[in-house]
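Step one of this worksheet: look at the structure below.
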Amino acid sequence: MSNPSETRQPQTQRFGLLWPDLNDGLSYNDVVRSSDSESTLIEFYSSKYKNSAPLQGWVQRIENGQIRVDGTVVPDPETILRVGSELVYHRLPWREPDAPCLLEVLYEDGDMIALNKPSGLQVLPGGLFQQRAVLTQLQWQASKKQEPHPVPVHRLGRGTSGILLCAKTKLAKTRLAAYFANGTSYIEGNRKTNMEMCGTRKITKIYRALVTGLLDEDKVLIKQPIGMVQYPGVAKGLYVASSSGKPALSKVDVLERNMQGNNTLVQVEIQSGRPHQIRIHLAFIGHPLLGDPLYVGGGQPMCFDPEFVDGSFAQDGGYQRPTKPVPGDCGYFLHAHQLILSHPTTNEVIKITAPLPSILQTQDEAKEIRIN
């Protein structure tokens, strides 16, 4: 195997604007269809978007003037809707939870850019974080340069740090997304024809993680399938270890055991990209990530209790945040450390490395950094 070329920036490049106190809110558009004719405004929203707010919450939103019908604010929940009417619900601006804003550039060329994503920053807008996301910073940065913004081609959990790969062209986006969809493995050779590359996985993802307990074996291969279950506070469902789920494969190598702290530093190479795969797989073998608030032994969530408490959406009528952990909660130690891939247009093999947080360094690595 030829040595991959590891391109380093001549000096560290960082970008990121401070987040405003409040975001801009959100607007949701609908058109009344024949199946909804003669429905009232409250019937439409409380039935179609019952996961967003309870009945009284939608009443509050309507009476608060947050819904327009054909461009006019309609504060009466009992208004009868007509087929073809355009509805717009405006979610009020809110202060999103604290999140980092600074992004480090690890690699960049005309086709792609690799960023070092900090823990605590979401990749794409969603849930509480509709503005405070990597995509927003990419949009702001591109607008200053008056050019199209790069697009992430995969995701990292909000609590996961490390390499996030983004495409700058449509061709790069298509090919890189295909790499991730096809799984990962080491690439043999740095130049191959299209025929030779057919069926060959062209990307390798290597992570560092700190897990609870001491792994007995130095190497572990985890093949546990990952599926989905319903879970309070997660509208589309929660990914868990499930015998009926989709195949997933993780290779785990022990780097260092901390006898006193009863934890183990591991390297994980994933050859599939299921959501929360590393967190689920390590929990499945009885060694969940240290500090993971959600996944426990067996690769299952800590609790299914649907209890609610006061939260960020109370003033806007929406459901309040569950007391129990959800996937976006942070606290664990997981870092996308290395990415080895075939360049989407040149086929050159490129290795990208994100500096390790101190807690995920071996003793020898930490010592070498102190000496240097």
> Here are some pairs, Lys145/Lys202; Lys205/Lys351; Lys173/Lys205; which of them have Cα atoms lying more than 21 Å apart in this structure?
Replying inline: Lys145/Lys202
> With a sphere of radius 13 Å drawn around the Cβ of Val266, what net charge do the other residues whose Cβ falls strictly inside it have (Lys, Arg +1; Asp, Glu -1)?
Replying inline: -1
> Given the options Ile270, Ile42, Ile352, which has the most mean-square fluctuation in a GNM of the chain, springs set between C-alpha atoms less than 10 angstrom apart?
Replying inline: Ile42
>> Using the Cα centre of the stretch 104-178 as origin and beta-carbon charges of +1 (Lys, Arg) and -1 (Asp, Glu), tell me which of Gln131, Leu115, Gln146 is placed farthest towards the positive end of the dipole.
In response: Gln131
> Among Asn51, Leu290, Val105, whose Cα lies farthest out toward the positive end of the dipole of the chain, if unit charges sit on the beta carbon of Lys, Arg (+1) and Asp, Glu (-1)?
Replying inline: Val105
> For helix 170-181, what angle does its Cα long axis make with the longest principal axis of the chain, in degrees from 0 to 90 and rounded to 10?
Replying inline: 70
> When a footprinting reagent is the concern and you count Cβ atoms within 10 Å, what order do Phe129, Phe15 take, fewest first?
Replying inline: Phe15, Phe129
> Which value at 222 nm does the chain reach when only helices count, each DSSP H run of 4 or more adding -39,500 (n - 2.57), with the total divided by all residues and rounded to the nearest 500 deg cm²/dmol?
Replying inline: -4500 deg cm²/dmol
> If you place +1 on the Cβ of every Lys and Arg and -1 on the Cβ of every Asp and Glu, how big does the dipole about the Cα centre of the chain come out, in debye to the nearest 20?
Replying inline: 940
>> Taking every pair of distinct Cα atoms and averaging 1/r, then inverting, what Kirkwood hydrodynamic radius in Å comes out for the chain?
In response: 23.0
> Which Cα, out of Ser39, Gln60, Leu81, lies furthest along the positive dipole direction of the stretch 26-91 (beta carbon charges, K/R +1, D/E -1)?
Replying inline: Gln60
>> I'm a student and want to see the number: the projected area of the Cα convex hull of the stretch 26-91, averaged over all directions, in nm².
In response: 3.7
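Throughout, read-outs are computed from the coordinates displayed, never taken from laboratory work. Everything numeric in this text was worked out from a predicted model, so none of it was measured. Note: ideal-geometry Cβ built from the backbone for every residue, glycine included; neighbour counts use all protein chains shown.
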